[in-house]
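Here's the structure, in C-alpha cells; my notes come after.
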Amino acid sequence: MIAVTDNLAIDESEIEESFLRAAGPGGQNVNKVATAVQLRFDVENSPNLPEAVRQRLKRLAGRRLTKDGVLVITAQRFRTQERNREDALARLLSLIRQATDAPKPRRPTRPTLASKRRRLESKAKRSATKRLRQRPTGQE
C-alpha cells in the first residue's frame with residue numbers, strides 16, 4: 001500500500017507502469033533505452049478512493065484522464081528509468097493529495113456601505129471626465 005495521506009492509501013496493484021522511449025536528454029542511449037515511464041491509474045474503478053475525492057480528481061486530471069476513467073501520467077524528465085518512475089509516482093500522489101483537500105464553501109457577502117459609496121463616486125468622476133471631453137453643444 002502506498003500512503004497518500006494519513007487516512008488514504010492506494011494499492012500498488014492499482015498502478016500500471018509501461019516504459020517507452022523518451023524524447024529529450026539521454027545521450028547515446030536515447031534511441032536504444034526505454035527510459036520514459038507511462039503510469040496508469042484507474043480512477044473510475046479504484047476501491048480505495050472516496051467518491052468525493054474521485055470526482056475532484058477527475059476534474060483536476062483534465063486531459064490526462066481517458067474516456068474510461070484512467071489517469072495517464074507520462075514522465076520523461078530524467079535520463080534514468082528509476083528517476084522517471086519516482087517522478088511519475090510523485091506527480092500521481094501530488095494530484096491525489098490535491099483532490100483530497102475539499103474546497104472551502106463560499107459564503108456570500110454583501111458589499112459594505114462605504115464600498116457602495118466609493119463605487120458611485122468613481123462612476124460620477126468618470127462620467128464628469130467623459131462629459132468634459134465631449135464637444136460643446138451648439139458649436140458644430
Unmet requirement for residue 18, which otherwise passes all of (1) in contact with a strand residue (DSSP E or B) (Cβ under 7 Å, 6 or more places away or on another chain); (2) modelled with pLDDT of 80 or more; (3) surrounded by fewer than 17 Cβ atoms within 10 Å (Cβ to Cβ); (4) over 30 Å from residue 103 (Cα atoms): (2)
Of the criteria (1) closer than 15 Å to residue 14 by Cβ; (2) surrounded by 13 or more Cβ atoms within 10 Å (Cβ to Cβ), which one residue 68 fails: (2)
All positions within segment 95-106 that are loosely packed, with under 11 Cβ neighbours inside 10 Å, modelled with pLDDT of 85 or more and of a type outside the set (Lys, Arg): 105
Filter result (assigned to a loop (DSSP other than H, G, I, E, B), farther than 26 Å from residue 50 by Cβ and in contact with a strand residue (DSSP E or B) (Cβ under 8 Å, 6 or more places away or on another chain)) within segment 63-112: 76
Hey, residue 57 in a helix (DSSP H, G or I), without any contact (Cβ under 8 Å) to a residue 60 or more places away in the chain and buried (at least 17 other Cβ atoms within 10 Å of the Cβ) or not: yes
Segment 37-85, subset in contact with a Lys or Arg (Cβ under 7 Å, 6 or more places away or on another chain) and among the β-branched types (Val, Ile, Thr), residue nearest to residue 17 (Cα to Cα): 37
Matching residues in segment 21-54 - criterion: being assigned to a helix (DSSP H, G or I) and either farther than 19 Å from residue 94 by Cβ or modelled with pLDDT under 75 (or both): 27, 28, 29, 51
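The values are calculated or read from the model by the stated rules, or taken from the named source; none is laboratory data. All values derive from a computational prediction rather than experimental measurement. Note that we place each Cβ from the backbone using ideal geometry, even for glycine, and neighbour counts take in every protein chain shown.
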